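Take a look at the structure below.
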Amino acid sequence: MTNVMLSDTDVLTDEVLRRHIRSVTADEIAAYQEDGVVKLDAFISEELTALILKHVQAAAGYVEDQGLTDAFTDLDSRGETRTAWYSTHLHQKDNFLGQLATCRPLGEAHAKLLGVKSVRLWSDSTNTKEPGGIATPWHQDMQAFPWDRTDGAGMWVALVEMIPEMAPLQHLKGSHKAPWVEPTELDPNMIFTPGAGLSAAEALDRYEMTPSYHLNPGDTICHHATTFHGTEHGNDTERIRWTWISQRFDAEITYIDKRNTRSDGLGLVPGQPLDHAYFPVVYEEG
């Protein structure tokens, strides 16, 4: 990866992005598959990261002293407390983020970590913790996904320097290997309700926790859809913890009839792939 100046007016071709997004290594792939999580140091260049931050702030409607003005989560409709400023599907609101979220280099990294031949984009978002923001409860992401198998992953990019006191995301290593049992709650999108296979308390007792890292802009943490993650504490600083998150899944996954605001009403057929413009194939091997 070379330090080539980048402008947000540039077309983000594969050639351009490969100067700013490095490949994952064999050791990183092995660590991910063993632990269900891996930290990718300097995965994205500082130049590209600075532009991502600029566009995340614009797409989410960030206003100083107010936070995100274009923020929504279905937690709001249930009256539950959010642990961070949350704005989703940013790639649909911003062309720069649209090019980035659907780019081949990020798709290839996710495919190699998952050990699959092709991946689709699920969504991208920011989960940005304001100063004094409370801890994130321990949870898995898989509860939210209407997928027939668990071959999905999240990519959590630090957009600013983060010291441990800012509560960068932490993970329970190996917890992705616990049996997954599809939740039976009336609302399976209760993201902080663990799957029936293992409770958060059991996972915390059983698995090693990653530390609260010191991250530089562009450092990235990737975790499996069933890896437990959260934070031990909130953002105990006066600085904003800015992040950009993108999620991808094995293109061979098929749809199950499960409530999700991302997939509801799209005409998806249970037992068939999620073949829709919202979920483009962003990497195919070969």
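Details
- Annotation: of all residues in segment 176-189 being at pLDDT 55 or above and closer than 25 Å to Leu114 by Cβ, the one that is surrounded by the fewest Cβ atoms within 10 Å (Cβ to Cβ) is Pro179.
- Count of segment 13-64 residues which are assigned to a strand (DSSP E or B) and surrounded by 15 or more Cβ atoms within 10 Å (Cβ to Cβ): 7
- From the options Asp257, Asp264, residue that is without any contact (Cβ under 8 Å) to a residue 24 or more places away in the chain, closer than 20 Å to Gly152 by Cα and surrounded by fewer than 21 Cβ atoms within 10 Å (Cβ to Cβ): Asp264
- Qualifying residue in segment 197-211 (condition: modelled with pLDDT of 95 or more, closer than 25 Å to Tyr86 by Cα and in a loop (DSSP other than H, G, I, E, B)): yes
- Residue, modelled with the highest pLDDT, within segment 65-84, restricted to residues that are part of a loop (DSSP other than H, G, I, E, B) and hydroxyl-bearing (Ser, Thr, Tyr): Thr69
- All positions within segment 35-49 that are acidic (Asp, Glu) and in contact with a strand residue (DSSP E or B) (Cβ under 6 Å, 6 or more places away or on another chain): Asp35
- Looking across segment 151-167, the residues that are touching a strand residue (DSSP E or B) at 6+ places or on another chain (Cβ under 8 Å) and among the charged types (D, E, K, R) come down to Asp151, Glu161.
- Members of segment 220-258 found to be more than 24 Å from Met209 (Cβ to Cβ), over 12 Å from the mean Cα position of the chain (by Cα) and of a type in the set (Phe, Trp, Tyr), listed by number: Tyr255
The values are calculated or read from the model by the stated rules, or taken from the named source; none is laboratory data. Keep in mind that what you see is a predicted model, and the values were worked out from it rather than measured. Neighbour counts are summed over all protein chains in view; Cβ atoms, including those assigned to glycine, are modelled from backbone coordinates with ideal geometry.
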